[in-house]
Amino acid sequence: MKKNKQVIIALVVVFGLIAIMFTPIGTFVKSKVQDDSHIAGMEVDLKDSDYDIDLIGHNGAKNSNLLDFKNSGEVVFLNFWGSWCPPCVSEMPTIQKLYEAKGQKVKFVLVAIQDKPKVFNAFLEKNGYTMPVYEPNSPISNNMLPRVFPTTYILNKKGEIVLKETKTRDWNDKEINTLLDKLIAE
């Protein structure tokens, strides 16, 4: 009896895999599983009003408004993070390296969400992070407020989103450096 049950389970798994690989069921499953968060335009419909967020500067940054960065005519690296967020913390060394390499040609805007300045400033100092960090000083629209942390956008000189990432990654890898170099040259 036990052997028959194992054979039935194995057959169900095999037929399920065949259905996923060779039928429209597979296309549907793939569309639900595939991570398109890094593709420009995916779930990104932001207006200028969504960028209108007053920012208090920390770590050497001056107070500003996010809309000013978007309309600056420069490439922008925008990251929503928190010192309370383990995935955010794990990608910070790569953001620091990218900032050291591109900070003269790219505007870096790291926005600390649900965090206290006393806490995130101590975190930045402890780790020797020098990139500019901001805290929001006005409401963030539902369209802009991240659903997951970290959430990162790269904007071209026209203020258009060319990349959105909703997961941790190595921000100093070849792909990102090549993308930024291309955007800087445009």
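Between Leu11 and Asp170, the FRET efficiency from the beta-carbon distance, with R0 = 41 Å, is close to 0.45. 3J(HN,Hα) along the stretch 172-186, derived from phi through the Karplus expression 6.51 cos²θ - 1.76 cosθ + 1.60 where θ = phi - 60°, amounts to 9, 7, 4, 4, 6, 4, 5, 4, 5, 4, 5, 5, 5, 6, 5 Hz, with x in place of Gly and Pro. Does the stretch 93-185 come out rounded, prolate or oblate by the C-alpha gyration tensor, with a ≥ b ≥ c the root eigenvalues, rounded set by a/c under 1.5 and, if not, prolate when a/b is larger than b/c and oblate if not? Verdict is oblate for the stretch 93-185. For the stretch 89-128, the Kirkwood estimate of hydrodynamic radius, built from reciprocal distances between every pair of different alpha carbons, is 11.2 Å. Amide H contacts of Ile53 (H built 1.01 Å from N, in plane; Pro and chain starts excluded): Leu66, Leu67 sit under 5 Å, all sequence-distant by 5 or more or on other chains.
Working note: Karplus 6.51/-1.76/1.60 with θ = phi - 60° gives the stretch 66-75 the couplings 4, 4, 5, 5, 4, 9, 6, x, 10, 5 Hz, where Gly and Pro are set to x.
In a fully extended conformation the segment linking Asp68 and Ala122 would gain 16.7 nm over its present Cα-Cα distance, using 0.36 nm per residue. Inter-label distance, Val89 to Asn143: 3.4 nm, where each label sits 7 Å from its Cα along the C-beta direction.
For the cross-link pairs Lys126/Lys164; Lys107/Lys167; Lys116/Lys167; Lys70/Lys97; Lys47/Lys116; Lys105/Lys158, the ones whose C-alpha atoms lie over 26 Å apart are Lys126/Lys164; Lys47/Lys116. Of the trypsin sites (Lys or Arg not before Pro) found in the stretch 75-148, the ones in coil according to DSSP and having at most 12 other Cβ atoms within 10 Å of their Cβ are Arg147. Computed from backbone phi, the HN-Hα couplings of the stretch 86-103 come to x, x, 5, 4, 5, 8, 4, x, 6, 5, 4, 5, 5, 4, 4, 7, 10, x Hz, rounded to whole numbers (Karplus: 6.51 cos²θ - 1.76 cosθ + 1.60, θ = phi - 60°; Gly and Pro given as x).
Just so you know, all these numbers are worked out from the coordinates, no wet-lab data involved. Model, not experiment: these values are computed from the prediction. So basically every Cβ, Gly included, is an ideal-geometry build from the backbone, and we count neighbours across all protein chains shown.
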